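Here's the structure we're looking at; comments come further down.
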Amino acid sequence: MKHFRNFINGEFVATNKTFENRAPVDNRVIGLVHEAGQAEVDAAVAAARAALHGEWGRMTVARRVELLHAVADEIVRRFDDFLEAELADTGKPRSLASHIDIPRGAANFKIFADIVKNVPTESFEMATPDGGTAISYGLRSPLGVVAVVCPWNLPLLLMTWKVGPALACGNTVIVKPSEETPATATLLGEVMAHVGIPNGVYNVLHGFGPGSAGEYLTRHPGVSGITFTGETRTGEAIMAAAAKGVRPVSFELGGKNAGIVFADADFDKAVAGITRSAFENCGQVCLGTERVYVQRPIFDRFVQALKEKAEALRIGPSDEPGVGLGPLISAEHKAKVLSYYELARSEGATVVTGGGAPAMPTELADGHWVQPTIWTGLPESARVIREEIFGPCCHIAPFDTEEEAIALANATDYGLATTVWTQDLGTAHRMARAIDVGLCWVNSWFLRDLRTAFGGSKASGIGREGGVHSLEFYTELRNVMVKL
Ligand code: NAD
């Protein structure tokens, strides 16, 4: 039985309160997680604050960059350890974690280290009232102790997406991984110690949200700012906690993203793209498509083609050859997704495919499996169309005009992402301007250049991270005026 301990000031710290970590594929207990209480949170904040002013705070940018490259290299060297840890926690297909989760986990350290090394700040020369000269320049100083609160769907990738830039900018961090996926954040503690990141710079606290490590950490007055990825409702609670002391937040939240397929799209590519965006990672991707709008001339053909793709997805554990769909993360999440499958029926949906849980072999029968599901026929007011489900499912509706597609895509409180399929350049660019989202993909989905901005509008987030935009949250820009 594995034990996942907290990582505080360079040491693994056990507590006498543990909770079970279960494998999504069969619900087996695979580890015990040591829950941090107020005392561990206090200790981590004290360690992180002390580290800000120690060796880490005095380190040259060049040395910091070197160390972060070493972290990335060590993740690559221990690729299999990270991969197995992520697979055990999430049950996702091996091909997915080995092509996306772990490589991106390493890349997040290199890319932000290089950005910090290469991005200049402003500098101006001006005349002073007494006829002299002054120069002023920008100086980026770290924000301080950053709390990093993470979800379970892409555990290493989303955590390092924040830890990478935070450390590159000279902050110290306290990570609160999801209670569902404690493994890779803990393993990263070993990597940090191994490459020589000073004690207290990277800390990990395990536990839940309310009444546990998440709440204690985000309320702690010693935390300078909070970066969070997760549900919009949780974001509201964290924002309330951050109000005390007016501490800044960076939020990447939920979505109810629209995929829009025009009749002139490359049909096969659009079907393949929407298959990915609706079902990848068992639909547990914030950027995923749960609302698909298809132009009427190709609607029936598209529904049929997506149905065939969904039914061809092989459901199974990480190592099954050709597997395309893993389990959902937990029994609780499975119950939530299945409740939406029921709701869709009661709201009057036509179930094109799926709609329930698949029959699985006995040894996997307790896993959190659900069928990929497609609906048609719901009114736009249906809860299934309005609320984020976060499962392998989508509703498909027809549209006639570009204006109608825009109105449908925007009729949501969320504004994270969209994927538009068309061969007309004009249509593509007009849609990118008109749809109120942080990320618009054209003839693609989940294609990312880490130097560019990432984030959501409306209820899908606050602020942007990625590239130089991360520096805006993770540093304070100071102005220095020097009269010559
Ligand atoms: P969640 O909000 O339930 O939990 C996320 C983290 O917050 C966990 O570590 C949890 O323990 C912690 N937490 C919960 N309540 C808290 C509180 N009151 N105070 C402090 N911490 C608290 O989200 P989840 O279920 O882990 O992840 C799924 C959600 O994340 C979906 O809504 C999805 O859209 C969203 N998401 C968004 C993005 C993005 O980039 N926009 C990326 C991935 C996931």
Legend entry - the stretch 200-215 - phi-based ³J(HN,Hα) in whole Hz, Karplus 6.51/-1.76/1.60, Gly and Pro as x: x, 6, 10, 10, 10, 10, 9, x, 9, x, x, x, 8, 3, x, 5
Inset, instruction - Sticking with the crude label model, points 7 Å out along Cα→Cβ, report the distance from Glu403 to Ala453 in nm, one decimal please. - result: 2.9 nm
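Residues with beta-carbon under 14 Å from that of Gly259, excluding Gly259: net charge, scoring Lys, Arg +1 and Asp, Glu -1?
+3
Using a simple charge model, +1 on the beta-carbon of Lys and Arg, -1 on the beta-carbon of Asp and Glu, nothing else, what dipole does the stretch 291-356 show about its Cα centre, in debye to the nearest 20?
Numbers: 9 positive and 8 negative charges, 54 e Å.
Here the stretch 291-356 has a charge dipole of around 260 debye.
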Inset, instruction - Express in whole angstrom the spacing between the alpha-carbon centres of the stretch 336-364 and the stretch 295-331. - result: 14 Å
Inset, instruction - Please report, in debye to the nearest 20, how large the charge dipole of the chain is about its Cα centre when each Lys and Arg carries +1 at its beta carbon and each Asp and Glu carries -1 there. - result: 800 debye
Inset, instruction - Eight or more residues apart or on different chains, and alpha-carbon atoms under 29 Å: count the Lys pairs in the stretch 192-324 matching that. - result: 5
Inset, instruction - Please list the non-local residues whose amide H lies under 5 Å from the amide H of Val370, H modeled 1.01 Å from N, same-chain partners needing a gap of 5 or more. - result: Leu328
Legend entry - On Cα atoms only, tilt of 61-77 relative to the major axis of the chain in degrees: 40 degrees
Legend entry - Rounded FRET efficiency, nearest 0.05, which uses the C-beta distance separating Arg386 from Asp264 and R0 of 45 Å: 0.95
Inset, instruction - Divide, for the stretch 226-377, the radius of gyration over alpha carbons by 2.2 N^0.38 Å, where N is the residue count. - result: 1.21
Inset, instruction - Calculate the length of the line joining the C-alpha centroid of the stretch 433-474 to that of the stretch 1-77, in whole Å. - result: 28 Å
Inset, instruction - Identify all lysines with a Cα-Cα distance to Lys162 below 19 Å; exclude those on the same chain that are fewer than 8 residues away in sequence. - result: Lys110, Lys117, Lys176
Legend entry - Selected from Cys286, Asn118, Gly455, residue furthest toward positive end of dipole (the chain; charges at beta carbon): Asn118
Legend entry - the stretch 66-137, dipole about Cα centre (Lys/Arg Cβ +1, Asp/Glu Cβ -1), debye to the nearest 20: 280 debye
Legend entry - Selection from Thr232, Ser277, Ala335 lying farthest towards where the dipole of the stretch 203-341 points positive, charges on Cβ: Thr232
Inset, instruction - Stick to the Cα atoms of the chain, pair each with every other, and give me the Kirkwood hydrodynamic radius in Å at one decimal. - result: 23.5 Å
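Just so you know, all these numbers are worked out from the coordinates, no wet-lab data involved. Just so it is clear, the structure is predicted and the values come from calculations on it, not from any experiment. Using ideal geometry, Cβ is built from the backbone for each residue, glycine included, and neighbour counts are taken over all protein chains shown.
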